[in-house]
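Just below is one structure, and these are the notes that go with it.
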């Protein structure tokens, strides 16, 4: 038997292994891809809940929350505690985490420490900015909630021209994540601990 015949026999002998092994390789590759997808989805699933996440991902609308990339945020200008104007359009290129609240909303008050902490984290990372838009009249009404030094930008909308008329919010708290192009990527209704690792991962995954 010459060398070519030996090679041909070895090749033919290996074909069944190749044929039988291919489905396992494909299945393994799919499992790895599915695992990576689940890993990337995990923060949003944790923030929204599995049922809401699946519904929103499929394009369905839910009574609470939003997840997508087709909604352009309306622009607005609101004053901060010193009366200085802050404009959303000026933040292009940076993810904005925007929380709507009022001091008469107990869940809002309970959530505020985590937003203060998130704002400090954002200042270090420089990839997103956190703002809190209150429907209260002025700093005198809400200032006792905040430490003397903090990184959270507080804006005032007492007439609710932004909160209600532009964003349609009626129940508090409500948090929006707007990407650097000005597109709304995420809305979460209700309070949560925004400074935990899973929430930060969710923000950065859509920003």
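Within segment 152-168, which residues are part of a loop (DSSP other than H, G, I, E, B) and touching a strand residue (DSSP E or B) at 6+ places or on another chain (Cβ under 8 Å)?
Within segment 152-168, 152, 157, 167 meet the criteria.
Tell me, which strands (runs of 3 or more DSSP E) lie completely within segment 40-105 with 1 or more residues that are in contact with a helix residue (DSSP H, G or I) (Cβ under 7 Å, 6 or more places away or on another chain)? Reasoning before the result, please.
Working: elements: 66-72, 77-79, 85-87, 95-101.
Output list reads 66-72, 77-79, 95-101.
Kindly indicate whether residue 171 is loosely packed, with under 15 Cβ neighbours inside 10 Å, touching a residue at least 12 places away in the same chain (Cβ under 8 Å) and in contact with a strand residue (DSSP E or B) (Cβ under 8 Å, 6 or more places away or on another chain).
Against the criterion (loosely packed, with under 15 Cβ neighbours inside 10 Å, touching a residue at least 12 places away in the same chain (Cβ under 8 Å) and in contact with a strand residue (DSSP E or B) (Cβ under 8 Å, 6 or more places away or on another chain)), residue 171 qualifies.
Could you tell me whether residue 157 is surrounded by 18 or more Cβ atoms within 10 Å (Cβ to Cβ), outside the structural domain of residue 53 (by TED's automatic domain parsing), farther than 23 Å from residue 61 by Cα and touching a helix residue (DSSP H, G or I) at 6+ places or on another chain (Cβ under 6 Å)?
yes
Applying the selection to segment 119-149, what residues are assigned to a loop (DSSP other than H, G, I, E, B) and either within 18 Å of the chain's Cα centre (by Cα) or surrounded by 14 or more Cβ atoms within 10 Å (Cβ to Cβ) (or both)? Quick ask: steps written out before the conclusion?
Going residue by residue through segment 119-149, those that are assigned to a loop (DSSP other than H, G, I, E, B) are 126-127, 135-138, 146-149.
Hits for segment 119-149 are 126, 127, 135, 136, 146.
Within the set of pairs 6 or more residues apart or between chains, which connect a residue that is assigned by TED's automatic domain parsing to the domain that holds residue 97 inside segment 194-207 to a residue that is surrounded by fewer than 18 Cβ atoms within 10 Å (Cβ to Cβ) and modelled with pLDDT of 95 or more with Cβ atoms less than 6 Å apart?
Qualifying pairs under 6 Å: 194/114; 195/114.
The values are calculated or read from the model by the stated rules, or taken from the named source; none is laboratory data. The model shown is predicted, which means the values in this text are computed figures rather than measured ones. Reconstructed Cβ throughout: ideal geometry from the backbone, glycine too, with neighbour counts over all protein chains shown.
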